[in-house]
1. Being among the aliphatic types (A, V, I, L, M), under 23 Å from the mean Cα position of the chain (by Cα) and buried (at least 20 other Cβ atoms within 10 Å of the Cβ), is that true of even one residue in the range 49-60?
2. I need a count of the residues in the range 138-166 that are open to solvent by less than 10 Å² (accessible area, probe 1.4 Å), within 24 Å of the chain's Cα centre (by Cα) and not β-branched (Val, Ile, Thr).
3. Taking the conditions exactly as written (over 30 Å from Val322 (Cα atoms), open to solvent by less than 40 Å² (accessible area, probe 1.4 Å) and assigned by the TED database to the domain that holds Ile157), does Tyr82 satisfy them or not?
4. Does the range 507-549 hold any residues that are under 19 Å from Gly376 (Cβ atoms) and of a type in the set (Asp, Glu), and which are they?
5. Which is among the hydrophobic types (A, V, I, L, M, F, W, C), in contact with a Ser or Thr (Cβ under 6 Å, 6 or more places away or on another chain) and either within 26 Å of Glu342 (Cβ to Cβ) or in contact (Cβ under 8 Å) with a residue 40 or more places away in the chain (or both), of Cys479, Cys494, Cys507?
6. Looking only at the range 16-29, filter to residues that are open to solvent by 50 Å² or more (accessible area, probe 1.4 Å) and among the small types (Gly, Ala, Ser); which one of those is modelled with the highest pLDDT?
7. State whether the residues of the range 498-516 include one that is of a type outside the set (Phe, Trp, Tyr), over 30 Å from Asn405 (Cα atoms) and touching a helix residue (DSSP H, G or I) at 6+ places or on another chain (Cβ under 6 Å).
8. Quick check on the range 242-254: of everything there that is assigned to a strand (DSSP E or B) and open to solvent by less than 50 Å² (accessible area, probe 1.4 Å), which residue is nearest to Glu297 (Cα to Cα)?
Amino acid sequence: AVTGARFVLAALRLAGAALLSAGSCAFEDSACGYEWDYAHLPWTLHGEGHYISVDTSYEGEKAVLFSPELYSEEWSCIRLIYQIATTSETSPDPARLNLYLRQEGESFDHLLWSAKEPSDSWLIASLDLVNSTKKYKIVLEGEMGRDRSASIAVFEIKITPGYCIECDFEENHLCGFVNRWNPNVNWFVGGGNIHNSQSILPKDHTFDSELGHYMYVDSVYVKHFQEVAQLISPKTTAQMSGCLSFYYQLKQESSIVFTVYLRDVSGFYEEIWKTDSALSADWVLAEVDFNVPYPMEVIFEVAFNSAKGGYVALDDISFSPVYCSNQTGTPFNPAKAGCNFEEDLCSFYQDHKDGPGWSRVKVKRNVYRAGDHTTGFGYYLLANTKFTSQPGYIGRLYGPTLPGNLQFCLRFHYALYGFFKMSGTLAVYIFEENHIVQEKIWAVLDSPKGVWTQAEISFKKPMPCKVVFVSWCKSFWDCGLVALDDVSLSLGNCQAADLLLPNPGECTFERDECVFTQKKRGHGSWHRRRGPTPTSYTGPKGDHTTGVG
């Protein structure tokens, strides 16, 4: 029976290897159809070491490697095993490895991933490839930077159907999942060998075999109260929403807390699931609704209170783009909570008791005043609270109801005219649904006059709430105008959204010129600068992105 199980498992693995998608390569005896761009540095194939590399022994800025033409209508996962080695720890311009998607008919390559961290051994990157009907190529770009001695090596590229977050733990790279090392409790690979003393369960879930693999954590080495073990997924690289499922076994003699969290790039944790059963002698299916609008890690965390706590085992993590069966209603769409005021007020409104503090207006732009922020020729909101019916010269603009317990990033553009003192003339409040509790989350301190300036605010409230823009004049004599445009709301905090890679060809010029270069002809050239242009009465007073960028 054991021999039969071993044969079945070997056959399944061979079948899996035979079904490797086009574009995969282990660089053993060939480059599998990958070619390098001869206009740049050459890549060297090391058949004995099973890798391809580029280094600074040749003079040049970069090396480019591109795959044969690929096609897949299904969601796929690219796993890249690589290493960047340098002699200098800190370089102002370090060596970097970039991975682009070159889609048929597109003008720009789409940057999917970039890394510059040097390491002593190979690392694994997992990149989701969203389903598309277009043919594409994968483009690897090794930038050598200014390091005197640097090398970039790629050991394996593997493209498989499915999501990067899915794993059955049968392969040695564990799909990019990593254990956060703890001196006392850690996640281990179980199964695979009948004589393995570490193996605490008879069979895995994938193959229902003693030779299959799973992850487990045991309390036997617990020394302190509340010891925690974490298994961390690869970071998501595409927007995902649907149902995350996994199988687990739990045996406890004293309390074990098994929790699943989402963690964003700024380190913010959100609990999405917690076990409610004290004992499961067999594999139990867990399902949880999953919404990831920006890069996140999934963390499987087990907390023990004593060395006799027991164990938790985990296997077959999978994802479906359809929400779990217990999902009711449709997920909240943050795009519908914003407005550019071109057509109307969208979901924003004013309280009739306040009077018409905010008006939707359109002005003809000239050298003295800007048009709206969206197009320069459209509509925006203008608050003139000098003549509102309420005492205190206050105008309130209410946004739509937002669900509780979600992290939001609010962005908007504003401009101020005619105030002597600007601080506090525009503020943002959060009103809880009963309108009793209100909290100021932002207020203007100072701003260049008449320049569209961007503000961004991250917030999260446990209860449903509304965003309220409040325009306020200190007195009749110090009362100017407040303009508001392009209000947008997205899930996650603003810092996490800023770390997203730009869309192909997009550039705000905040950090650099992105992928754009200039060809100098004659005396004219482009300059990256901040503030107004040097010639009077020409050009803008500030940049379009933030007003001060």
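The values are calculated or read from the model by the stated rules, or taken from the named source; none is laboratory data. The structure presented is a predicted model; accordingly, all values stated were derived computationally and were not measured. All Cβ positions, glycine included, derive from the backbone under ideal geometry; neighbour counts span all protein chains shown. Note: areas computed on protein heavy atoms with side chains; ligands, DNA, RNA excluded. Shrake-Rupley method; radii C 1.70, N 1.55, O 1.52, S 1.80 Å.
1. Just the residues of the range 49-60 that are among the aliphatic types (A, V, I, L, M), to begin with: 52, 54.
Adding the requirement that they be under 23 Å from the mean Cα position of the chain (by Cα) leaves none.
Looking through the range 49-60, none of the residues is among the aliphatic types (A, V, I, L, M), under 23 Å from the mean Cα position of the chain (by Cα) and buried (at least 20 other Cβ atoms within 10 Å of the Cβ).
2. Residues meeting the conditions: 3.
3. Details: over 30 Å from Val322 (Cα atoms): yes; open to solvent by less than 40 Å² (accessible area, probe 1.4 Å): yes; assigned by the TED database to the domain that holds Ile157: yes.
Against the criterion (over 30 Å from Val322 (Cα atoms), open to solvent by less than 40 Å² (accessible area, probe 1.4 Å) and assigned by the TED database to the domain that holds Ile157), Tyr82 qualifies.
4. Correct list: Asp543 only.
5. Step by step, each of Cys479, Cys494, Cys507 is checked, and only Cys494 is among the hydrophobic types (A, V, I, L, M, F, W, C), in contact with a Ser or Thr (Cβ under 6 Å, 6 or more places away or on another chain) and either within 26 Å of Glu342 (Cβ to Cβ) or in contact (Cβ under 8 Å) with a residue 40 or more places away in the chain (or both).
6. Residues of the range 16-29 that are open to solvent by 50 Å² or more (accessible area, probe 1.4 Å), as a first pass: 17-20, 22, 28-29.
Filter again for among the small types (Gly, Ala, Ser), leaving 17-18, 22.
Values: Ala17: 42, Ala18: 42, Ala22: 85.
Among those residues, the one meeting the criterion is Ala22.
7. In the first step, residues of the range 498-516 are kept if they are of a type outside the set (Phe, Trp, Tyr); the result is 498-508, 510-515.
Those left that are additionally over 30 Å from Asn405 (Cα atoms): 504-508, 510-515.
Among the residues that remain, those that are also touching a helix residue (DSSP H, G or I) at 6+ places or on another chain (Cβ under 6 Å) are: none.
The answer is no; no qualifying residue exists.
8. So in the range 242-254, the residues assigned to a strand (DSSP E or B) come out as 242-252.
Within this subset, residues satisfying the condition of being open to solvent by less than 50 Å² (accessible area, probe 1.4 Å) are 242-246, 248-250.
Details: Gly242: 15, Cys243: 15, Leu244: 13, Ser245: 15, Phe246: 15, Tyr248: 19, Gln249: 22, Leu250: 23 Å.
Ranking the qualifying residues of the range 242-254, first place goes to Leu244.
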